[in-house]
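Visitor: Got a structure for you, written out below as structure tokens; questions coming shortly.
Derivation of every value follows stated rules applied to the coordinates shown; laboratory data play no part. As the structure is a prediction and not an experimental result, all values here were calculated from the model. Neighbour counts run over all protein chains shown; Cβ positions are idealised from the backbone, glycine included.
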Amino acid sequence: MELDHTRRMRRIRASVFAFAALTLTFGLSAQAQSVAELAAYSGADRAQRLVDGARKENALMIYSSMTVADMGVLINAFQAKYGVKAQHWRGSSEDIRNRVTREYSASRYEADLAETAGTDMEAMVREQVLQKVVTPVSKELIPQATFAHGQWISTRLSVFAAAYNTNVIKRADAPKTYEDLLNPRFKGKLAVEAEDANWFMSVVLSMGEEKGLKLFRDIVASNGMSVRKGHTLLANLVPTGEVPLALTAYSYRVEQLKNEGAPIEIVYLPPPVAFPTGIGLFRHAPHPHAALLFQDFILTDGQKILAERESVPTNPKVKAAPDGLIFVDLPRFMDEGSRWTRLFRETFTVR
């Protein structure tokens with residue numbers, strides 16, 4: 001009798017464990033399906049559905065490389081509008097990607113959104129942790145902000161721009177094309193940032209690789225090229241005259257300096273190149289309504305907030321992008337980055 005009782009108890013425990021495992025598996029599957037269905041929903045009541053669901057969830061976790069101050073302003077505005085609580089974990093774009101990869105490998109789903117550099121957003125697409133999203137907001141943005149895979153969308157841009165010292169170079173003498181940089185008047189006056197292989201790849205490929213590589217090699221051979229570490233430093237050296245003409249400053253910093261009265265002017269040599277930062281929904285987001293609502297918020301109301309804080313938004317109604325803007329081909333650079341980094345260094349840093 002005691003043996004039979006023991007066997008019955010073992011069978012009961014096994015059944016309980018099996019049921020619990022099945023319930024957990026079903027729960028995760030249902031959640032994943034729910035996130036996917038909600039992300040694809042485009043009905044007329046989409047906005048209200050997101051608001052209602054977000055208020056019930058009343059929580060949101062964002063992993064972003066944005067500064068705490070900038071994200072804090074966005075979160076405060078979001079909370080004031082919708083009454084939904086949100087948190088921000090800040091790390092580098094690489095930290096964010098690595099953290100999410102570890103969490104998903106351990107079946108831990110703590111974050112709802114990532115907002116960080118495009119290269120790491122693309123890496124997370126390849127690692128299959130992001131969810132394709134359909135949003136009507138994308139129609140309001142520049143076309144380049146939305147990608148075919150639909151798993152992230154660009155929120156803000158780092159736009160490469162040439163910047164020249166107006167005390168050293170007159171407006172009439174400023175270059176209008178990269179070919180103009182062959183002119184002897186630019187000898188000893190040129191500089192680039194030390195890590196801009198992605199810009200280099202974009203410009204060279206737009207010209208045709210053979211032609212583009214030859215042009216930049218000829219420019220360096222004829223007029224030289226100073227290489228500086230850091231985009232802020234590069235831009236800051238233009239008003240001092242140490243770098244009369246920077247080729248790869250970030251436009252927002254040039255505009256800041258110009259507004260401060262510095263002798264600096266911006267010029268976009270065609271094609272102007274942008275490196276995107278974007279936002280994406282995680283496949284197992286625990287608060288999908290709040291996440292999708294915040295994504296729409298940062299791409300609408302948040303665009304003005306970003307612009308006010310010196311970011312370059314992707315909504316052209318808030319701030320127009322330069323004509324002919326192209327994005328860095330992130331998947332290609334991920335695959336060919338070592339080659340283009342080598343070509344960049346051979347062209348600009350090896351004498």
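Visitor: Where does helix 68-82 land angle-wise versus the long Cα axis of the chain, in degrees 0 to 90, nearest 10?
Guide: For helix 68-82, the angle is close to 50 degrees.
Visitor: Stretch L233-V134 to full length: gain in nm at 0.36 nm per residue minus the Cα-Cα span? Let's see the in-between values first.
Guide: Details: separation 99, 0.36 × 99 = 35.64 nm, distance 3.93 nm.
This chain segment gains 31.7 nm when fully extended.
Visitor: Quick check on the exposure proxy: order V134, V318, V100 from fewest to most C-beta atoms within 10 angstrom. Could you put the intermediate results ahead of the total?
Guide: Numbers: V134 12, V318 18, V100 23.
Sorted ascending by nearby Cβ count, the order is V134, V318, V100.
Visitor: Taking the Cβ of each residue in K214, K189 as the centre, tally the other Cβ atoms inside 10 Å and list the residues starting with the fewest. Working shown, then result.
Guide: Values: K214 13, K189 20.
Placing the least packed residue first, the sequence is K214, K189.
Visitor: Shifting gears a bit: Any idea what % of Cα-Cα pairs in the stretch 141-186 are farther than 13 Å?
Guide: On the way: 712 of 1035 pairs.
Of all Cα-Cα distances in the stretch 141-186, 69 percent exceed 13 Å.
Visitor: Magnitude of the Cβ-charge dipole of the chain, K/R +1 and D/E -1, about the Cα centre, nearest 20 debye? Walk me through the numbers on the way to the answer.
Guide: Numbers: 43 positive and 39 negative charges, 98 e Å.
So the magnitude is around 480 debye.
Visitor: Also, quick follow-up: Which residues' amide hydrogens lie under 5 Å from the amide hydrogen of N183, considering only partners 5 or more residues apart or on another chain, with H built in the peptide plane?
Guide: Hits under the 5 Å cutoff: none.
Visitor: So, one more: For a paramagnetic label modelled at 7 Å from the Cα of L182 toward its Cβ, which residues of the stretch 206-237 fall within the zone defined by backbone nitrogen distances under 20 Å?
Guide: Counting backbone N atoms under 20 Å from the label point, the list is 206-226.
Visitor: What is the Å³ per residue value for the convex hull set by the Cα atoms of the stretch 68-176? Write out the running numbers ahead of the final one.
Guide: Working: hull volume 20.5 nm³, N = 109.
Each residue corresponds to 188 Å³ of Cα convex hull volume.
Visitor: Starting from the Cα of S105, step 7 Å along the direction of its Cβ; do the same at R49; then give the gap between the two resulting points in nm.
Guide: Result for the modelled spin labels: 3.6 nm.
Visitor: Please work out which option in [x] 63, 50, 44; [y] 102, 43, 31; [z] 56, 53, 46 gives Cα extents along the principal axes in Å calculated from these coordinates, and answer with its label.
Guide: [y]
Visitor: Sequence-distant or interchain residues sharing an amide H contact under 5 Å with L130, placed H: which?
Guide: Placed amide hydrogens put R283 under 5 Å from L130.
Visitor: Please pull out the direction-averaged projected area of the stretch 153-280, using the convex hull of its alpha-carbon atoms, in nm² to one decimal place. Numbers along the way, then the final one.
Guide: Numbers: hull surface 31.5 nm².
The number I arrive at for the stretch 153-280 is 7.9 nm².
Visitor: Scale the Cα Rg of the stretch 212-351 by the rule-of-thumb value 2.2 N^0.38 Å and send over the ratio, two decimals.
Guide: Details: Rg = 18.6 Å, N = 140, 2.2 N^0.38 = 14.4 Å.
Against the empirical 2.2 N^0.38 Å value, I get 1.29 for the stretch 212-351.
Visitor: Suppose we keep just the alpha-carbon trace of the stretch 60-118; what are its Rg and Dmax in angstrom?
Guide: My reading of the Cα-based Rg and Dmax gives 12.1, 35 Å.
Visitor: Within the set of other residues whose C-beta is less than 10 Å from the C-beta of F186, count the net charge using Lys and Arg as +1 and Asp and Glu as -1. The partial results should precede the final answer.
Guide: Numbers: positive: R185, K187, K189; negative: D173, D180.
Once positives and negatives cancel, what remains is +1.
Visitor: With each label point set 7 Å from Cα along the Cα-Cβ vector, what nm distance links T67 and K304?
Guide: About 2.2 nm separates the two model spin labels.
Visitor: Sticking with this structure for a sec: So what is the calculated 222 nm ellipticity per residue for the chain, using -39500 (n - 2.57) for each DSSP H run with n of 4 or more, over all residues, to the nearest 500 deg cm²/dmol?
Guide: Values: 12 runs with 171 residues, N = 351.
Rounded to the nearest 500, the figure is -16000 deg cm²/dmol.
Visitor: Among the listed pairs K258/K319; K132/K211; K85/K304; K189/K214, give every one whose C-alpha distance is greater than 26 Å.
Guide: Working: K258/K319 17 Å; K132/K211 38 Å; K85/K304 21 Å; K189/K214 20 Å.
The answer is K132/K211.
Visitor: Moving on. Relative to the longest principal axis of the C-alpha atoms of the chain, give the angle of the C-alpha long axis of helix 288-298, reported between 0 and 90° and rounded to the nearest 10°.
Guide: Taking Cα atoms only, the helix is inclined about 20 degrees.
Visitor: Considering only DSSP beta bridges with both partners in the chain, what is the antiparallel share in %, to the nearest 5?
Guide: Details: 24 of 38 bridges.
Given both bridge residues lie in the chain, the antiparallel proportion sits at roughly 65 percent.
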